[in-house]
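*Asks:* The structure follows.
Only the coordinates and a few stated rules stand behind these numbers; no lab work does. Nothing here was measured: the structure is a model prediction, and the numbers come from that model. As a convention, Cβ positions derive from the backbone with ideal geometry for all residues, glycine included, and neighbour counts pool all protein chains shown.
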Amino acid sequence: MTKLVIFDLDGTLLDTIGDLAVSCNAVLAMRGLPQYSYEEYCGFVGNGITRLVERALPEPLRTEYTIDAVRRDFVEYYTAHIDAYTKPYDGIADLLAALRGRGVAVAVASNKFQAGTEKLVRRFFPETEFVEVLGQRPGVPLKPDPTVVREILDATGTAACDALYVGDSGIDMQTARAAGVRAVGCSWGFRAREELEAENPAAVIDAPSEILGLL
């Protein structure tokens, strides 16, 4: 029996692309730089804020100094406007309640910076008791490195065989595989179903409720 379900955040629990796009475009506009569509940002996200900024900058400006400066501006702007357009995907709240009702623990493992991850979880899931909410932190490698998943397993005393990891990208599927937990891809997120299937997860699902049948 599955004892723990670990969720990615962006593209899995929450549709955050609107606020990510608006925030990144805002800091690009401050510098008179080209901006991008929501669809283009779907391909930029998933590897943390630094990589998002790097991908959004014109190639000649992708220096360490400029990336760091734009990242600081992005974090400030995004943190202040983090929930303007963001919302949970349909069925997520019911799924979390059903999991907790069955005694299954839930956790978050995200590449979003820690403060942003915590703020969004508090804002949109105040009634859900997550055993761990972990985002990007100094000194901790980003997914697909399995460190964050292993941290959650260790903190909860859960064996890898008793855990399920749910995410919307190939990076998430690679993370699960590296951590030795079952991977479930969700097709409602930012990446194409083909990207998920290419990583051979245990399942690719089209609705949150389908997770209940995989426990």
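*Asks:* May I ask which residue of A56, L20, G103 lies farthest towards the positive end of the charge dipole of the chain, with charges of +1 (Lys, Arg) and -1 (Asp, Glu) on Cβ and the Cα centre as origin?
*Replies:* Projecting each Cα onto the dipole axis, the largest value belongs to G103.
*Asks:* I need the peptides 22-30, 123-131 ranked by packing, meaning the mean over residues of other C-beta atoms within 10 angstrom, with the highest value on top.
*Replies:* 22-30, 123-131
*Asks:* In whole Hz and in residue order, list the ³J(HN,Hα) couplings for the range 118-127 that follow from phi through the Karplus curve 6.51 cos²θ - 1.76 cosθ + 1.60, θ = phi - 60°; x for Gly and Pro.
*Replies:* Karplus values, whole Hz, x for Gly and Pro: 5, 5, 5, 5, 4, 5, 9, 10, x, 8.
*Asks:* Jot down the radius of gyration and Dmax of the range 46-110, Cα atoms only, both in angstrom.
*Replies:* When restricted to Cα atoms, the range 46-110 yields Rg and Dmax of 17.4, 53 Å.
*Asks:* Same structure again: At 0.36 nm per residue, minus the direct Cα-Cα distance, what do Y38 and L212 gain on full extension? Give it in nm, one decimal, please.
*Replies:* Here the answer is 59.6 nm.
*Asks:* Counting only C-alpha contacts under 8 Å and six or more residues apart, can you give the relative contact order of the chain as a whole percent?
*Replies:* 25 percent
*Asks:* How would the range 1-109 be classified by its alpha-carbon gyration tensor: rounded, prolate or oblate, with rounded meaning a/c under 1.5 and the a/b versus b/c comparison settling the rest?
*Replies:* Here the range 1-109 falls in the prolate category.
*Asks:* Using the crude model of +1 on Lys and Arg Cβ and -1 on Asp and Glu Cβ, and no other charge, please compute the dipole size for the chain relative to its Cα centre, in debye to 20.
*Replies:* Around 380 debye, computed over the chain.
*Asks:* Pull up the cross-link candidates among the lysines for K87, meaning alpha carbon to alpha carbon under 24 Å and not fewer than 8 places away within one chain.
*Replies:* Straight-distance partners of K87: K112, K119, K143.
*Asks:* I would also like to ask the following. Please give the calculated 222 nm ellipticity per residue for the chain, where each DSSP H segment of at least 4 residues contributes -39500 (n - 2.57) and the sum is spread over every residue; nearest 500 deg cm²/dmol?
*Replies:* -12500 deg cm²/dmol
*Asks:* Does the range 17-80 come out rounded, prolate or oblate, given a ≥ b ≥ c as the square roots of the eigenvalues of its C-alpha gyration tensor, rounded meaning a/c under 1.5 and, failing that, prolate meaning a/b above b/c?
*Replies:* Rounded shape, in that the Cα axes give a/c under 1.5.
*Asks:* Right, something else. When the Karplus curve 6.51 cos²θ - 1.76 cosθ + 1.60 is applied with θ = phi - 60°, which whole-Hz ³J(HN,Hα) does each residue of the range 202-209 get, with x for Gly and Pro?
*Replies:* Result, ordered by residue: 4, 6, 10, 10, 10, 8, x, 4 Hz.
*Asks:* Moving on to the next point. Whole Å is fine, so just give me how far the alpha carbon centre of the range 127-203 lies from that of the range 14-28.
*Replies:* Spelled out, the Cα-based centre of one part sits 23 Å from the other.
*Asks:* For the chain, what proportion of DSSP beta bridges, expressed in % and rounded to the nearest 5, is antiparallel?
*Replies:* DSSP beta bridges in the chain are roughly 10 percent antiparallel.
*Asks:* Based on the mean of other Cβ atoms within 10 Å per residue, sort peptides 184-195, 92-103 so the most packed one is first.
*Replies:* Answer by packing, highest mean first, reads 184-195, 92-103.
*Asks:* Still on this structure, please answer the following. Amide H neighbours of I205 under 5 Å, counting only residues 5+ apart in sequence or on other chains, H built in-plane at 1.01 Å?
*Replies:* G185, C186, S187
*Asks:* Another question about this same structure. Which aspartates and glutamates does K3 reach when only Cα atoms under 16 Å apart count, and residues fewer than 8 places away in its own chain are ignored?
*Replies:* E129, E132, E151, D154, D162
*Asks:* For the range 145-215, state what percent of all Cα-Cα pairs lands in each successive 10 Å bin, counting from 0 Å until the bin that includes the largest distance.
*Replies:* 23, 51, 25, 1
*Asks:* Convert each backbone phi in the range 101-115 into a coupling constant with the Karplus relation 6.51 cos²θ - 1.76 cosθ + 1.60 (shift: θ = phi - 60°), then list the ³J(HN,Hα) values in order as whole Hz, x for Gly and Pro.
*Replies:* Values per residue, Gly and Pro as x: x, 8, x, 8, 6, 10, 8, 10, 10, 10, 8, 6, 4, 4, 4 Hz.
*Asks:* Using amide H atoms built 1.01 Å from N in the peptide plane, name the residues 5+ places from F113, or on other chains, whose amide H lies under 5 Å from its own.
*Replies:* I49, Q136
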